[in-house]
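Engineer: Structure provided below as C-alpha coordinates; questions to follow.
The values are calculated or read from the model by the stated rules, or taken from the named source; none is laboratory data. Quick caveat, the model's predicted, so the values are computed rather than measured. Just the protein is used for accessible areas: all its heavy atoms, side chains included, with ligands, DNA and RNA removed. Shrake-Rupley method; radii C 1.70, N 1.55, O 1.52, S 1.80 Å.
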Amino acid sequence: PTADPYHYLHWLQTGKRHYPSYYDRLKKSAACAGFGGFFVPPWPKNPGNVINRVVKQVLIKLNLKTNRVVQWDSWRFWESLAAGCATFHVDFDKYGIGLPVMPENWRHYIGIDLDNVQEAVDRIANDPEIIERIATQGRLWALEHYSPGPTALRFLETIHQNEITDNLKQEKYLTVGK
(Lines give C-alpha, C1' and ligand atoms only; values in the text may rest on other atoms or scores of the structure.)
Protein backbone atom coordinates (compact mmCIF):
# COMPACT_ATOMS: atom_id res chain seq x y z
CA PRO A 1 0.00 0.00 0.00
CA THR A 2 1.02 3.58 -0.63
CA ALA A 3 1.69 6.09 2.13
CA ASP A 4 -0.33 8.75 0.27
CA PRO A 5 -3.70 9.07 2.11
CA TYR A 6 -5.73 9.71 -1.06
CA HIS A 7 -4.38 6.67 -2.90
CA TYR A 8 -4.45 4.55 0.25
CA LEU A 9 -8.19 5.22 0.63
CA HIS A 10 -8.78 4.18 -3.00
CA TRP A 11 -6.61 1.12 -2.45
CA LEU A 12 -8.80 0.08 0.50
CA GLN A 13 -12.07 0.90 -1.30
CA THR A 14 -11.17 -1.17 -4.36
CA GLY A 15 -10.25 -4.34 -2.53
CA LYS A 16 -6.54 -3.44 -2.71
CA ARG A 17 -6.60 -3.07 -6.51
CA HIS A 18 -5.79 0.65 -6.84
CA TYR A 19 -2.26 1.31 -8.07
CA PRO A 20 -1.33 4.83 -9.24
CA SER A 21 1.69 3.40 -11.08
CA TYR A 22 -0.66 1.30 -13.26
CA TYR A 23 -2.62 4.40 -14.30
CA ASP A 24 0.61 6.30 -14.95
CA ARG A 25 1.86 3.48 -17.21
CA LEU A 26 -1.49 3.34 -18.97
CA LYS A 27 -1.45 7.09 -19.68
CA LYS A 28 2.01 6.70 -21.25
CA SER A 29 0.99 3.70 -23.37
CA ALA A 30 0.10 3.96 -27.05
CA ALA A 31 -2.39 1.09 -26.95
CA CYS A 32 -3.96 -1.44 -24.64
CA ALA A 33 -5.90 -4.68 -25.00
CA GLY A 34 -9.27 -4.29 -23.30
CA PHE A 35 -10.65 -7.72 -24.22
CA GLY A 36 -13.13 -9.36 -21.91
CA GLY A 37 -16.08 -11.70 -21.96
CA PHE A 38 -16.80 -15.07 -23.45
CA PHE A 39 -18.61 -16.52 -26.42
CA VAL A 40 -22.09 -17.97 -25.98
CA PRO A 41 -24.63 -19.45 -28.36
CA PRO A 42 -27.19 -17.00 -29.76
CA TRP A 43 -30.01 -19.10 -28.30
CA PRO A 44 -31.37 -19.05 -25.66
CA LYS A 45 -30.76 -15.40 -24.77
CA ASN A 46 -29.84 -16.05 -21.12
CA PRO A 47 -26.19 -17.21 -21.12
CA GLY A 48 -26.58 -18.64 -17.61
CA ASN A 49 -29.42 -20.87 -18.73
CA VAL A 50 -28.73 -24.62 -18.53
CA ILE A 51 -29.85 -25.06 -22.15
CA ASN A 52 -27.42 -22.33 -23.25
CA ARG A 53 -24.55 -24.06 -21.45
CA VAL A 54 -25.43 -27.39 -23.07
CA VAL A 55 -25.62 -25.76 -26.53
CA LYS A 56 -22.24 -24.13 -25.87
CA GLN A 57 -20.70 -27.51 -25.00
CA VAL A 58 -22.15 -29.02 -28.20
CA LEU A 59 -20.68 -26.17 -30.25
CA ILE A 60 -17.29 -26.72 -28.63
CA LYS A 61 -17.39 -30.48 -29.30
CA LEU A 62 -18.36 -29.87 -32.94
CA ASN A 63 -15.67 -27.16 -33.23
CA LEU A 64 -18.29 -24.59 -34.26
CA LYS A 65 -18.08 -20.89 -33.47
CA THR A 66 -20.57 -18.34 -32.28
CA ASN A 67 -20.46 -14.58 -32.75
CA ARG A 68 -22.16 -13.56 -29.51
CA VAL A 69 -20.04 -12.24 -26.63
CA VAL A 70 -21.34 -11.58 -23.12
CA GLN A 71 -19.68 -10.09 -20.06
CA TRP A 72 -17.38 -8.20 -22.43
CA ASP A 73 -17.24 -5.14 -20.19
CA SER A 74 -13.75 -5.12 -18.67
CA TRP A 75 -12.32 -2.40 -16.45
CA ARG A 76 -9.30 -2.25 -18.71
CA PHE A 77 -11.52 -1.29 -21.67
CA TRP A 78 -12.80 1.82 -19.88
CA GLU A 79 -9.50 2.64 -18.17
CA SER A 80 -7.56 2.56 -21.42
CA LEU A 81 -10.12 4.77 -23.17
CA ALA A 82 -10.00 7.31 -20.34
CA ALA A 83 -6.19 7.20 -20.28
CA GLY A 84 -6.01 8.02 -23.98
CA CYS A 85 -4.71 4.67 -25.24
CA ALA A 86 -5.88 3.15 -28.49
CA THR A 87 -8.10 0.43 -27.10
CA PHE A 88 -8.30 -3.02 -28.69
CA HIS A 89 -11.37 -5.21 -28.24
CA VAL A 90 -13.49 -7.48 -30.40
CA ASP A 91 -15.61 -5.78 -33.08
CA PHE A 92 -18.70 -4.78 -31.09
CA ASP A 93 -21.05 -4.93 -34.06
CA LYS A 94 -19.91 -8.37 -35.23
CA TYR A 95 -20.02 -9.92 -31.78
CA GLY A 96 -23.35 -8.48 -30.62
CA ILE A 97 -22.12 -6.03 -28.01
CA GLY A 98 -24.52 -3.19 -27.29
CA LEU A 99 -24.22 0.03 -25.31
CA PRO A 100 -26.61 2.96 -24.88
CA VAL A 101 -24.14 5.03 -26.93
CA MET A 102 -22.03 2.85 -29.21
CA PRO A 103 -18.39 3.56 -30.06
CA GLU A 104 -17.45 3.47 -33.72
CA ASN A 105 -14.94 0.82 -34.74
CA TRP A 106 -11.69 2.27 -36.11
CA ARG A 107 -12.66 5.69 -34.80
CA HIS A 108 -13.08 5.24 -31.02
CA TYR A 109 -11.53 1.78 -30.58
CA ILE A 110 -9.94 -0.96 -32.65
CA GLY A 111 -12.45 -3.76 -32.94
CA ILE A 112 -10.88 -7.00 -34.04
CA ASP A 113 -12.67 -9.51 -36.24
CA LEU A 114 -11.31 -12.75 -34.82
CA ASP A 115 -11.97 -14.47 -38.14
CA ASN A 116 -9.62 -12.00 -39.86
CA VAL A 117 -7.04 -10.59 -37.43
CA GLN A 118 -4.60 -9.92 -40.26
CA GLU A 119 -6.93 -7.24 -41.61
CA ALA A 120 -6.36 -5.15 -38.45
CA VAL A 121 -2.61 -5.77 -38.53
CA ASP A 122 -2.44 -4.63 -42.17
CA ARG A 123 -4.57 -1.56 -41.53
CA ILE A 124 -2.30 -0.42 -38.71
CA ALA A 125 0.84 -1.20 -40.70
CA ASN A 126 -0.47 0.86 -43.64
CA ASP A 127 -1.45 3.82 -41.43
CA PRO A 128 0.64 3.86 -38.21
CA GLU A 129 -0.79 7.28 -37.20
CA ILE A 130 -4.21 5.66 -36.83
CA ILE A 131 -3.24 4.50 -33.33
CA GLU A 132 -2.84 8.07 -32.08
CA ARG A 133 -6.04 9.27 -33.80
CA ILE A 134 -8.08 6.43 -32.30
CA ALA A 135 -6.56 7.00 -28.87
CA THR A 136 -7.59 10.67 -28.94
CA GLN A 137 -11.06 10.04 -30.38
CA GLY A 138 -11.69 7.13 -28.01
CA ARG A 139 -10.85 9.23 -24.97
CA LEU A 140 -13.08 12.07 -26.14
CA TRP A 141 -15.94 9.64 -26.87
CA ALA A 142 -15.64 7.96 -23.44
CA LEU A 143 -15.57 11.28 -21.60
CA GLU A 144 -18.47 12.68 -23.62
CA HIS A 145 -20.75 9.68 -23.16
CA TYR A 146 -19.56 7.67 -20.14
CA SER A 147 -18.04 10.03 -17.60
CA PRO A 148 -20.11 10.50 -14.42
CA GLY A 149 -22.21 13.43 -15.69
CA PRO A 150 -23.53 11.91 -18.94
CA THR A 151 -24.02 8.53 -17.25
CA ALA A 152 -26.02 10.09 -14.42
CA LEU A 153 -28.15 12.06 -16.90
CA ARG A 154 -28.86 8.92 -18.93
CA PHE A 155 -29.87 7.14 -15.72
CA LEU A 156 -32.17 9.99 -14.67
CA GLU A 157 -33.73 10.11 -18.15
CA THR A 158 -34.40 6.37 -17.90
CA ILE A 159 -36.03 6.76 -14.50
CA HIS A 160 -38.02 9.78 -15.67
CA GLN A 161 -39.24 7.85 -18.72
CA ASN A 162 -40.26 4.96 -16.48
CA GLU A 163 -42.17 7.42 -14.28
CA ILE A 164 -43.99 8.78 -17.35
CA THR A 165 -44.75 5.24 -18.56
CA ASP A 166 -45.93 4.16 -15.10
CA ASN A 167 -48.15 7.28 -14.78
CA LEU A 168 -49.70 6.64 -18.21
CA LYS A 169 -50.39 3.02 -17.26
CA GLN A 170 -51.93 4.15 -13.98
CA GLU A 171 -54.14 6.75 -15.71
CA LYS A 172 -55.28 4.17 -18.26
CA TYR A 173 -56.05 1.66 -15.49
CA LEU A 174 -58.01 4.25 -13.49
CA THR A 175 -59.94 5.35 -16.59
CA VAL A 176 -60.83 1.78 -17.54
CA GLY A 177 -61.85 1.02 -13.96
CA LYS A 178 -64.51 3.83 -13.88
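Engineer: From the list GLY111, GLY98, exactly one residue is open to solvent by less than 100 Å² (accessible area, probe 1.4 Å) and at pLDDT below 95. Which is it? I'd like the intermediate steps shown before the answer.
Structural biologist: Values: GLY111 fails: at pLDDT below 95.
Step by step, each of GLY111, GLY98 is checked, and only GLY98 is open to solvent by less than 100 Å² (accessible area, probe 1.4 Å) and at pLDDT below 95.
Engineer: Just give me the residues in region 1-23 being of a type in the set (S, T, N, Q) and within 23 Å of the chain's Cα centre (by Cα), in sequence order.
Structural biologist: GLN13, THR14
Engineer: Within region 116-149, restricting attention to residues that are polar (S, T, N, Q) and in a helix (DSSP H, G or I), which residue is farthest from ARG76 (Cα to Cα)?
Structural biologist: Residue satisfying both the conditions and the ranking: ASN126.
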